[in-house]
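Take a look at the structure below.
The values are calculated or read from the model by the stated rules, or taken from the named source; none is laboratory data. Computed from a prediction, not measured in an experiment: that's the story for all the values here. All Cβ positions, even for glycine, are placed from backbone atoms using ideal geometry, and neighbour counts span all protein chains on display. Side chains are part of the model used for accessible areas, which takes the heavy atoms of the whole protein and leaves out ligands, DNA and RNA. Shrake-Rupley method; radii C 1.70, N 1.55, O 1.52, S 1.80 Å.
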Amino acid sequence: MPDIIQLLPDNLANQIAAGEVIQRPASAVKELLENAIDAGATEIKLIVTDAGKALVQVIDNGKGMSMTDARMAFERHATSKIRAIEDLFHIRTMGFRGEALASIAAVAQVEMKTRQEHEQLGTYLEIENSKVTKQEPCAAPTGTSISMKNLFFNVPARRNFLKSNAAEMRHIVDEFIRVAMAFPKIIFSLTANGQQVYYLESGSLKQRILQLLGNQYNTKLVHVAEQTDYMNIQGFVGKPDTARKTRGEQYFFVNNRFIRSAYLNHAVNSAFEGLIAKDSFPTYVLFIELDPTQLDINVHPTKQEIKFEDEKIVYAFVQAAVKHALAQFSVAPSLDFSLNADIQQLDAVSKPFTETQQTQASSSDLYQTFTQKNQAHKIAPSSNKGLGHWSSMLDQFKQPEEQWQQSSTEDLLYGKPKKQSIALKQDAPLLQLHNTYIIASAMNGFLLVHQQLAHERVLYERYGAAHQQKMPTQKTLFPVTLDLSTPDAVLLEDLLPEVNSLGYQLEYFGKDSFIIHGTPADILAGNEKHSIELLLEQYKHFSSDVKFSKREQLIRCMARQQAIKAGQSLSQQEMLQLIEDLLQCQTPNITPSGSPTYLEYKEDYLDNMFRK
Ligand code: ADP
Ligand code: MG
């Protein structure tokens, strides 16, 4: 047999690697803005045309590059920011992988002008397909200007994958806001198709927030600031009346890096509990600072994720800091404070913050631990007290007895079923065979039940009824982030309403990720992600059955996936429940796909067999 493995040609390998870092114009925007910040710029201009598809240009007045560095900068893994592996634990710059410029040069046409302050002349470079096509000295202002033209001109498949200009522009503005928010001292501007969209003067964080989110927040921001020797937090949260029905203005930064964290988001939300309607989202712009050794920003090159050394402390700290800020604000509401109707009814708002409440708030564990200066690291990581209401909430979710209405799809396939009338023999013990079959005595014989198939039928009917009565949801203790491949994310987004009506509580969180707030009540904690991945797998596998609606297919997949498996040992109680549930079904005797769920052995048949 001939050898079949070949090395990819350099340019192809580069294009593939670049796909990791540069997925769309907005990714280049982020990288180029961050480079300008790392270069110490005090003014940064972003210019885009055609939503960045034709041009993304960033001009900064930072320290510029020498002629040699200008060329080096475009090599893969070329960086001035780390030298040794230890440096990874002390990152203070935005970039450090040395991949951004190399990636951009692999998938676009690049022009760069750069000059260092003490040099007479600067350097001009043109690069295409990772190859320098022109290099010459040039006159240039101090700093760097990099233009990325015709993104993916050499990778048409990726170019076709880009979304509409409106959607790509939205991504660009999002990145711009995130970077600009974190550096209010730096002047930023954004010009799109020749029109200036933003011009942000240098100012305080509050001024920057108002520039970016709008002046209506002027009297609506509550200052958050707490310092300990483990970590600091500062920033603003919106007063309760700025909470929105859709996830809107929520910004978390760790060491000035924008991050997404369902976990920290939850910490802030919980601090707002009782102050805003349950289904609304508070506004916040919060900056956490902590020793870089306490975090790992290396989780994924483009996903804005982060791992904390001790996330429980960070959670407790954020929650307590926001609570503290809100409590102070409730004591002294400002005059312009106007509440909208649904918030007004909440006790915490409609009643004045009493002295008792104040004492209660300030004697709470968390409040105590963190207001004692420099004690945050002593917060007991998991004081289970705070979880009390979760477990009582879980108790609430007892399976309701649903009236199952036959789905028309099943009618079509199997005809209108006759409800079976099988009476189990009371008090007769059930017998499990091979952890798969259950033998149940009936009035005139016995049933041999396949536990997995039977359960599949039960779940199928239960899920099917969910459009009349929403499936009970079990809140996840902490929201879980689910990152998917782009095609899976697209599929799940498409199925989201159906999936959520079946007891999941999923929310699209941008960039191919979702937050799992809740799952159907019978999914085990810790299994949330896996259950959805499985569901998608099954869905893809079975969705060739075009005769079914999306919903029907999902229900079938979920029933198949969630059913107890053959091989699982069951208690008497579990077996009894299963068989009772099965016999309650409209069509107990077959699975949705038509396999029998049980065999019935009638007494006379048995007698016959034994020739009695
Ligand atoms: P990283 O930022 O991870 O180091 P990049 O590929 O983004 O990797 O940049 C490579 C190097 O090029 C940087 O480490 C820096 O030395 C230099 N560089 C990039 N952009 C600029 C800029 N705007 N001004 C000065 N130097 C820059
Ligand atoms: Mg960089």
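Mind listing the phi-derived Karplus ³J(HN,Hα) values for the range 557-572, rounded to whole Hz, using 6.51, -1.76 and 1.60 with θ = phi - 60°, and x for any glycine or proline?
5, 5, 4, 5, 6, 7, 4, 4, 9, 5, x, 9, 7, 10, 7, 3
Tell me which of Phe272, Asn232, Asn256 sits at the most positive position along the dipole axis of the range 205-328, charges placed on C-beta atoms (Lys, Arg +1; Asp, Glu -1).
Phe272
Within the range 507-609, what whole-number % of the accessible surface is contributed by carbon and sulfur, with the 1.4 Å probe and all protein chains included in the calculation? Provide the component values of the computation, followed by the final result.
Numbers: 2560 of 4950 Å².
That fraction is 52 percent.
Of the cross-linked pairs Lys239/Lys511; Lys185/Lys511; Lys30/Lys185, which ones have a Cα-Cα span greater than 24 Å in the structure shown? Can you show the working numbers first?
Values: Lys239/Lys511 28 Å; Lys185/Lys511 29 Å; Lys30/Lys185 18 Å.
Pairs exceeding 24 Å: Lys239/Lys511; Lys185/Lys511.
Want the number for Tyr605 to Lys206: 0.36 nm per residue separation, take away the alpha-carbon distance, what's left? Each step should come with its number before you reach the end.
Working: separation 399, 0.36 × 399 = 143.64 nm, distance 8.34 nm.
Length gained between Tyr605 and Lys206: 135.3 nm.
Please compute the per residue accessible area over the range 10-200 with all protein chains in place, 1.4 Å probe, rounded to a whole number of Å².
Using a 1.4 Å probe on heavy atoms only, each residue of the range 10-200 averages 47 Å².
With r as the distance between the Cβ atoms of Glu136 and Lys565 and R0 = 51 Å, compute the FRET efficiency 1/(1 + (r/R0)^6) and round to 0.05.
On the way: r = 69 Å, r/R0 = 1.35.
Approximately 0.15, to the nearest 0.05.
Straight distance only, please: which aspartates and glutamates reach the Cα of Lys550 with their own Cα at less than 13 Å, same-chain residues fewer than 8 apart left out?
Glu493, Asp494, Glu498
Quick one: net charge of Ile59's neighbours, Cβ under 13 Å, K/R +1, D/E -1?
Numbers: positive: Lys45, Lys113, Arg115; negative: Glu43, Asp60, Glu111.
Value of the local net charge: 0.
Compute the Cα gyration tensor for the range 44-166, then decide on rounded, prolate or oblate, letting a ≥ b ≥ c be the square roots of its eigenvalues: rounded whenever a/c is under 1.5, prolate when a/b is larger than b/c in the other cases, and oblate in all that remain.
Details: a/c = 1.69, a/b = 1.24, b/c = 1.37.
Cα axes put the range 44-166 in the oblate bin.
If you count the DSSP beta bridges with both ends in the range 205-328, what percent of them are antiparallel, to the nearest 5?
Numbers: 20 of 26 bridges.
If I count the DSSP bridges inside the range 205-328, around 75 percent turn out antiparallel.
Under 5 Å between amide H atoms, partner at least 5 residues away or on a different chain: which partners does Val132 have, H built in plane at 1.01 Å?
Residues meeting the amide H criterion: none.
Going by amide H atoms built from the backbone, whose H comes under 5 Å of the H on Gly503, apart from near neighbours?
Correct list: Met471.
Using a cut-off of 12 Å between beta-carbons, work out the net charge of the residues near Phe329 (Lys and Arg +1, Asp and Glu -1, Phe329 not included).
Values: positive: Lys220, Lys239, Lys323; negative: Asp241.
Net of charged neighbours comes to +2.
Compute, for the range 10-200, the length of the dipole vector about the Cα centre, with Cβ point charges of +1 (Lys, Arg) and -1 (Asp, Glu) only. Units Debye, rounded to 20. Let's see the in-between values first.
On the way: 22 positive and 22 negative charges, 73 e Å.
Approximately 360 debye in magnitude.
Between the range 229-281 and the range 126-175, how far is it from one alpha carbon centroid to the other, in angstrom?
After rounding, the separation between the Cα centres reads 34 Å.
Would you kindly derive the ³J(HN,Hα) couplings of the range 586-591 from the backbone phi angles with the Karplus curve 6.51 cos²θ - 1.76 cosθ + 1.60 (θ = phi - 60°), listing them in order in whole Hz, with x for Gly and Pro?
Per-residue couplings from phi come out as 5, 10, x, 8, 9, 7 Hz.
In the neighborhood of Lys149, defined by Cβ-to-Cβ distances under 12 Å, what is the net charge if each Lys or Arg adds +1 and each Asp or Glu adds -1? Let's see the in-between values first.
Working: positive: Lys53; negative: Asp50, Glu111, Glu126, Glu128.
Neighbourhood net charge equals -3.
Over the range 10-200, with every protein chain in place, what whole percent of the accessible area is carbon and sulfur at 1.4 Å, could you tell me? If you can, show how the numbers build up before the last one.
Details: 4540 of 8890 Å².
C and S fraction of accessible area: 51 percent.
Skipping prolines and chain starts, which residues have an amide H placed within reach, meaning under 5 Å, of the one on Ile44, given they are 5 or more residues away or on another chain?
Under 5 Å from the amide H of Ile44 lie the amide H atoms of Ile187, Phe188, Ser189, each far enough along the sequence or on another chain.
What does the extension gain come out to for Asp174 and Phe161, with contour length at 0.36 nm per residue minus their alpha carbon separation? Write out the running numbers ahead of the final one.
Numbers: separation 13, 0.36 × 13 = 4.68 nm, distance 1.94 nm.
Residue separation times 0.36 nm, minus the Cα-Cα distance, leaves 2.7 nm.
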